[in-house]
Amino acid sequence: MWRTITSSGRTVVKVLPELLSVMEDWPLHGMSTSDGDETDVFALAATRVIWEILQMFRFAESLIEYSPRLLVALLCQVVISTEQMPEEVDTFWRGCREQHNLPTEPNRFAVLITKALLCHLECEEVVVSMERKRGWDTLLSTDTHHYAVGLLAREMRRVSSPLCSRITLHLLELLSREEPHLEVLAVAFLVEVLDELDMSDWGDSILQSLARHLRSGCPERRRLALRGLLVLSQDPVMVRRGTWLKPCWNPGAGERSRLGLAGLREL
């Protein structure tokens, strides 16, 4: 059925937004079918359809409009499926794997699709560079996926600045919605491209997100936040606001609560 649907470029354009909505809704929002089926397998099933679409090479241009959303959704699925794998998803994937000779784990399948999408978007150099630097393997670990996302941002910025900019804008929109399951991924990408952003438009939303990470109990989140703050501290728009750092740094510990820009740069 899906091969038939994806054989038409016009149909693909209509189907893609629905597939993306399903991928983006998991696991934050609940959905169910009319017969009461639960949703844990829906995102993976939608990803399986994306794979079918990517096999239709002559309609690759249909993906360009949605490529930033799709790349972010795939990265998010890699991260989430690495951290948690419900039993029903594992059962569903076992059936897919045996029937279609797919990778053993859903997160590896999402990485495979990410590579294929980048190749369709003429970013083969990004795929090769990530492979050479073991970025894809790093993405598959809960302890290191934020490093891999940062590496991907740097490689995309170097190879395809327009696509990187579109992904950045989509991530900024997501940050404004405060989607918890996407925030670490978004910040890891954004700290690599902050120096190219117009802070008059996005400075406040980025600052609020960095502030949340700075107060986190996770050392890596705080490290990402500090990296971002260091970049913001050198941006003329943010510096002109004068007191922009005060709501960010308030650990309630004596002199640290009065840390200013000079002290932040020393970190």
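Here L169, L174 are screened, and the one residue that is loosely packed, with under 15 Cβ neighbours inside 10 Å, of a type outside the set (V, I, T) and within 22 Å of D25 (Cα to Cα) is L169. T168 meets each of the listed conditions (1) part of a helix (DSSP H, G or I); (2) of a type in the set (S, T, Y); (3) under 23 Å from T82 (Cβ atoms) apart from (3).
Can we say V111 is touching a Leu at 6+ places or on another chain (Cβ under 8 Å), more than 23 Å from V187 (Cβ to Cβ), assigned by TED's automatic domain parsing to the domain that holds A45 and surrounded by 19 or more Cβ atoms within 10 Å (Cβ to Cβ)? Talk me through it step by step, then tell me what you get.
Numbers: touching a Leu at 6+ places or on another chain (Cβ under 8 Å): yes; more than 23 Å from V187 (Cβ to Cβ): no; assigned by TED's automatic domain parsing to the domain that holds A45: yes; surrounded by 19 or more Cβ atoms within 10 Å (Cβ to Cβ): yes.
Spelling it out, it is not the case that V111 is touching a Leu at 6+ places or on another chain (Cβ under 8 Å), more than 23 Å from V187 (Cβ to Cβ), assigned by TED's automatic domain parsing to the domain that holds A45 and surrounded by 19 or more Cβ atoms within 10 Å (Cβ to Cβ).
Criterion applied to L102, L121 was being modelled with pLDDT under 90, under 15 Å from L70 (Cα atoms) and in contact with a helix residue (DSSP H, G or I) (Cβ under 7 Å, 6 or more places away or on another chain), and the one residue passing it is L121. Screening E131, E122 for residues that are over 20 Å from A46 (Cα atoms), over 16 Å from the mean Cα position of the chain (by Cα), not in a helix (DSSP H, G or I) and not polar (S, T, N, Q) leaves exactly one candidate, E122. Applying the set (1) among the small types (G, A, S); (2) modelled with pLDDT under 95; (3) in a helix (DSSP H, G or I) to S141 leaves exactly one unmet item: (3). For R157, the conditions (1) over 22 Å from I64 (Cβ atoms); (2) free of Cβ contacts under 8 Å to residues at least 40 places away in the same chain are fulfilled apart from (1). Could you please let me know if V12 is closer than 26 Å to L174 by Cα and at pLDDT 70 or above? So V12 fits the description; yes.
Highlighted here are the helices (runs of 4 or more DSSP H) found entirely within the stretch 195-267 that include at least 2 residues which are at pLDDT 80 or above and either of a type in the set (G, A, S) or within 19 Å of L175 (Cα to Cα) (or both): 199-214, 219-232. Pairs linking a residue in the stretch 118-138 that is in the same structural domain as E105 (by TED's automatic domain parsing) to a residue that is outside any helix (DSSP H, G or I) and surrounded by 18 or more Cβ atoms within 10 Å (Cβ to Cβ), with Cβ atoms under 6 Å and 6 or more positions apart or on different chains, are C123/S160.
The values are calculated or read from the model by the stated rules, or taken from the named source; none is laboratory data. Owing to the predicted nature of the structure, the values given are computational and were not obtained by experimental measurement. With ideal geometry, Cβ positions are generated from the backbone for all residues, glycine too; neighbour counts draw on all protein chains shown.
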